[in-house]
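> Sharing a structure, written as structure tokens. Questions coming.
The values are calculated or read from the model by the stated rules, or taken from the named source; none is laboratory data. Everything quoted here is computed from the prediction, not taken from an experiment. No Cβ is skipped: glycine too gets one built from the backbone with ideal geometry, and neighbour counts run over all protein chains shown.
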Amino acid sequence: MSKEVQSIPGGFRKKQQIKYQSIDTQRKLWPVSFICKILKTTQSSYYRWVKNNRPNFNYKIDQELLDLIESIFQQYKEIYGYPRIRIVLKNQYNISVSGKKVYRYMQELGIKSKTRIKKKRKPKEVKILKNRKHENIVNRKWNKYSKGELFVTDVSFLPFSNNRFAYLSILKDVSTGFIVGYDVSLRNDNKIYLKTLKMAESYFDFDKNIIIHSDNGFQYTSDAVEIYCSKNNIKISLSRPGNSVDNAVAESFFACYKTEWFRKNFKTYSEVYNNFIDYINFYNFNRVMIKHEKTPWQAWSTL
């Protein structure tokens, strides 16, 4: 990559400098805190600029790197933010840059990844189930387990036309993030989970002490599942009633899918199904994870 750089007028740091200079001229009339709020900057960054003797920012940028970042952003359908773009630059182009630099360049381009809106969880009344079949073995200690030892599972609904729903079941390896099994169905019943388990069998090492963690849904406590797990020496771990955070690793997959790929204007089940198949191939084999700096499949194959 060329080392040539060129000045970009109106760059991020230049814009910040203009804000700081405006604060300087107005601070005798208004409190600094008030001006910073209006200009959407922080008091600490302004005072740091003052402490450094009000430097002029000569913001220069590598135009070739700028173009490459924009190209990667478009290549991954505007899904990747600066952490994943930094990983792509490192893994595919052998370019080592800091996350802060990629973030700054993305601001320069005016691009931003699709982000999940965090919903405020309302406090729930903790339910007490009598005669629980299984306890919570995992207790959110996700890092305790290696590849193929702990899987999480859950079911989520996918809406399409006329208030109809498809149901998506997944089984995810916690260590690598790899989705080893899934099923999409118009019915939320025991079969959707049993099909997910059947698909995952080729990835199971039954010589290990396998644990599958889930919530307390009827699919995971049915007699058919009990028989299957007992036959294959699989331990069942169930979240505490009313504690959805206990199964957050599974739920995070659905949040990614619905934010990054799924659309709510599908008219047929086949459209929903094909959309998910496209995403699961992208997720498993192309979408890099920040944790491992690899795709789930690469992590599963190498760890």
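> If we scan segment 265-273, do we find a residue that is in contact with an Asp or Glu (Cβ under 8 Å, 6 or more places away or on another chain) and touching a residue at least 12 places away in the same chain (Cβ under 8 Å)?
No: zero hits.
> Given the options 216, 233, 209, name the one that is touching a Phe, Trp or Tyr at 6+ places or on another chain (Cβ under 9 Å), in a loop (DSSP other than H, G, I, E, B) and more than 30 Å from residue 75 (Cβ to Cβ).
Selected residue: 233, the only one of 216, 233, 209 that is touching a Phe, Trp or Tyr at 6+ places or on another chain (Cβ under 9 Å), in a loop (DSSP other than H, G, I, E, B) and more than 30 Å from residue 75 (Cβ to Cβ).
> A follow-up question, please. Quick check on my filter: what residues within segment 195-206 are in a helix (DSSP H, G or I) and free of Cβ contacts under 8 Å to residues at least 40 places away in the same chain?
Result: 195, 197, 198, 199, 201, 202.
> Looking at (1) modelled with pLDDT of 95 or more; (2) part of a loop (DSSP other than H, G, I, E, B); (3) closer than 30 Å to residue 265 by Cα, can you tell me which one residue 175 breaks?
That leaves (3) as the condition not met.
> Okay, moving on. Consider residue 255 carefully, then state whether it is out of contact with any Pro (no Cβ under 9 Å at 6 or more places or on another chain), within 16 Å of residue 156 (Cα to Cα) and among the small types (Gly, Ala, Ser).
yes
> Scanning for something part of a loop (DSSP other than H, G, I, E, B), farther than 19 Å from residue 299 by Cβ, in contact (Cβ under 8 Å) with a residue 60 or more places away in the chain and out of contact with any Leu (no Cβ under 6 Å at 6 or more places or on another chain), does segment 183-191 turn up at least one residue?
Within segment 183-191, one or more residues are part of a loop (DSSP other than H, G, I, E, B), farther than 19 Å from residue 299 by Cβ, in contact (Cβ under 8 Å) with a residue 60 or more places away in the chain and out of contact with any Leu (no Cβ under 6 Å at 6 or more places or on another chain).
> Is one or more of the residues making up segment 262-278 assigned to a helix (DSSP H, G or I), touching a helix residue (DSSP H, G or I) at 6+ places or on another chain (Cβ under 9 Å) and hydroxyl-bearing (Ser, Thr, Tyr)?
Scanning segment 262-278, I find no residue that is assigned to a helix (DSSP H, G or I), touching a helix residue (DSSP H, G or I) at 6+ places or on another chain (Cβ under 9 Å) and hydroxyl-bearing (Ser, Thr, Tyr), so the answer is no.
> Hey, any hits in segment 227-238 for a residue that's crowded, with 21+ Cβ neighbours inside 10 Å and within 23 Å of residue 158 (Cα to Cα)?
No, segment 227-238 contains no residue that is crowded, with 21+ Cβ neighbours inside 10 Å and within 23 Å of residue 158 (Cα to Cα).
> Here's a follow-up. For the structure I just gave you, tell me whether residue 254 is at pLDDT below 95 and among the hydrophobic types (A, V, I, L, M, F, W, C).
Considered against the rule, which asks whether it is at pLDDT below 95 and among the hydrophobic types (A, V, I, L, M, F, W, C), residue 254 comes out as no.
> If I ask for residues that are among the basic types (Lys, Arg) and more than 22 Å from the chain's Cα centre (by Cα), which ones from segment 144-196 would you list?
Of everything in segment 144-196, those that are among the basic types (Lys, Arg) and more than 22 Å from the chain's Cα centre (by Cα) turn out to be 164, 187, 191, 195.
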